[in-house]
Amino acid sequence: MQDRLAKEFESTAACVPVEMPKNMVNGIKFHADSKEDGLNVMFVDLDLFSTKDNAASVSDIQTLMDCIGTLVKKKRTLMHVKSDAISNAIASMLSDGKKDKSQCINGEELKTFLSGQEQAIIKSHLTGDLIRRLNKKNVAKNCPLTNHPARFIQCPLDTDERKEICRFYNYDEERGCLRSIKAQRNSNLKGCDMDHEHCHRCGCEGHRAFECTSDATVDTNTSLMFQKAEDGKITTTSLDGNDFKSSKPRDVPVPSLLVLGGRCRGRTLNSCEFLPLSPSAGSWTALPNLQEHRGSHAACSPKGTGVVFVMGGGGVDGNLDTVELLDLQTSHPQSVSDGKEFKWSIMSDRLSSARHAFGAVCVTNEDTHTSFAVGGWMYGTKSCESMEKLSFKASQSCSELDLQKGARWEKCSPILTPRRLHSVAASVDGSSIFVFGGYIDERKVTSSIESYDVKADCWSATDELPYPEKSCPLVQAVPDWSPGAENSFLIFPYSDSNANETCKPTVLRYTPNSPEKFVPLVVPNADNTGIKHLEMPIKNWHSFSATVSPSLQTAYVVGGLIDSKWTGRGFLLDLTTMKWQELPEMSLPRRRLTALVIE
């Protein structure tokens, strides 16, 4: 390259290292006259500075360009800049119509555009590693999913079926629904399956919400169902008092099954619900919404504290490292309708890295409650090996104020095999934590099981899930609280229609350090007419969440995808009879949710 350029400039090439911010630049100086100074050709590779996890910020790019301006003194200077961020920005400016393709884009225009999408790079307080987070949450602040509730059109109008109205199409005046636009350009892409014909504000056809001139006075923060009457008039039904059941004040009883966040038909949720479990399952009732929309996140609740932790996950604008808590202490009962007191709050201390598709679990040993966050998916193809814990004394108050003041995340020994979409479960005696399966990268699934000694702070490779290596399913595992069980686990395997399975998967019991580590659960048979293994209640069921109630000796499997369709269904497994019982359907179908039982 130097020889070719030297010939073009009729001079001898000399590679000159240039002192630039963060060592981002090397310059090649060519000069025909030794008295001349300045750079004739400069190569700038921002992608060498950027990594898969951390892109150069706008301030870095601006500083770089300013420094280049002081170095370039000749008008005949050629500069080559390699940057995915700048390339994507220019492509977006051209595709969005901000610039005509025949025109040049000057530096100020580029800076202005990039500033609207600025990303800051911050350091983890635990590891010192760089974390990518959106600065000032510009995307979340302006996102239609954040600013407007879900609304539906009764479709067809003479049935009970409903279709959600697309909020991006209705409120993003500049871009509209990108999923629909991309599908129009490429027939191989799946388009948006939401409604693009009705106004999200008034329910009428022919215009979008930002064009709406209706004088409708409905609450803009309410989820609605639009219905067309025989006279053509649009009527509305509030879903807050129907499907979401949040209108009646009610305390959260113990025990209750909680479902938190998740994903539903292309959107990330912040809604939460609970189902009273004793003396029998009641009906789903709304809890306060999470502060941030989360999917593929983790949650846990130390037994007897009444405090629920929700952490990380994929949010509206990328992975999250924030932790939210909800205080459900029985000593200070809260009402669902009390919006001022009964709400989620974000802890001042964060996870060491932003991630999703990880697991969390709580253990109580002696006088200490400890919540663990294990593994996950950071960015790109990178899985996370990190494990960290949040500990507090069982004797101290678990109020939000006390946890904000004293509780801090601490780094633990990392798992041996970085993974995501795995399952995490603690042993019944609280001495060990196990991780089951998961993805190592975008395509490779691992069947490995690893165990963590809580007191020794060390991991060991334990076993392999009893499935073929190339077709090992993801699983959900919970501690086995069946009568007579000793530190064993129940394993609920995922299945889907792509696997061409003709029967329901079998539920397994895993007992470490046992001659028969994996055995199918057996359904008790009074007449001894043969052995029947316990199967999952539904085949082709994927992305559900599983949890357990020690006091009731029941396990719960809820949400996910059934035959590749989102579902709100869930089942209870009685661990004394090994029989399934279907639960009331959740108010919203959701997958990649978290479920837990407060006791």
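The values are calculated or read from the model by the stated rules, or taken from the named source; none is laboratory data. In this text, all values refer to a predicted model and were calculated from it rather than measured experimentally. Every residue, glycine among them, receives a Cβ derived from its backbone with ideal geometry; neighbour counts consider all protein chains shown. Calculation scope for accessible area: heavy atoms of the full protein, side chains included, ligands and nucleic acids excluded. Shrake-Rupley method; radii C 1.70, N 1.55, O 1.52, S 1.80 Å.
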Selection count where residues are aromatic (Phe, Trp, Tyr) and in a loop (DSSP other than H, G, I, E, B), scope region 359-378 = 0
Any chance residue 401 is under 14 Å from residue 325 (Cα atoms), open to solvent by 60 Å² or more (accessible area, probe 1.4 Å), modelled with pLDDT under 95 and not in a loop (DSSP other than H, G, I, E, B) = yes
task = Looking only at region 296-314, decide whether some residue is in contact with a Ser or Thr (Cβ under 6 Å, 6 or more places away or on another chain), surrounded by 21 or more Cβ atoms within 10 Å (Cβ to Cβ) and among the β-branched types (Val, Ile, Thr).
result = yes
message = Would you confirm, using the coordinates I've provided, whether residue 477 is part of a strand (DSSP E or B) and open to solvent by 40 Å² or more (accessible area, probe 1.4 Å)?
response = no
inquiry  = Within region 362-390, take every residue that is under 17 Å from the mean Cα position of the chain (by Cα) and open to solvent by less than 20 Å² (accessible area, probe 1.4 Å) and give me the one that is modelled with the lowest pLDDT.
reply    = 383
query = Residues in region 434-444: is at least one open to solvent by 10 Å² or more (accessible area, probe 1.4 Å), part of a loop (DSSP other than H, G, I, E, B), more than 18 Å from residue 533 (Cβ to Cβ) and free of Cβ contacts under 8 Å to residues at least 12 places away in the same chain?
reply = yes
inquiry  = Consider region 177-200. How many of its residues are of a type in the set (Gly, Ala, Ser) and crowded, with 17+ Cβ neighbours inside 10 Å?
reply    = 1
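Residues to consider are 551, 514, 495; find the one that is in a loop (DSSP other than H, G, I, E, B) and open to solvent by 60 Å² or more (accessible area, probe 1.4 Å).
On the way: 514 fails: open to solvent by 60 Å² or more (accessible area, probe 1.4 Å); 495 fails: open to solvent by 60 Å² or more (accessible area, probe 1.4 Å).
Among 551, 514, 495, only 551 is in a loop (DSSP other than H, G, I, E, B) and open to solvent by 60 Å² or more (accessible area, probe 1.4 Å).
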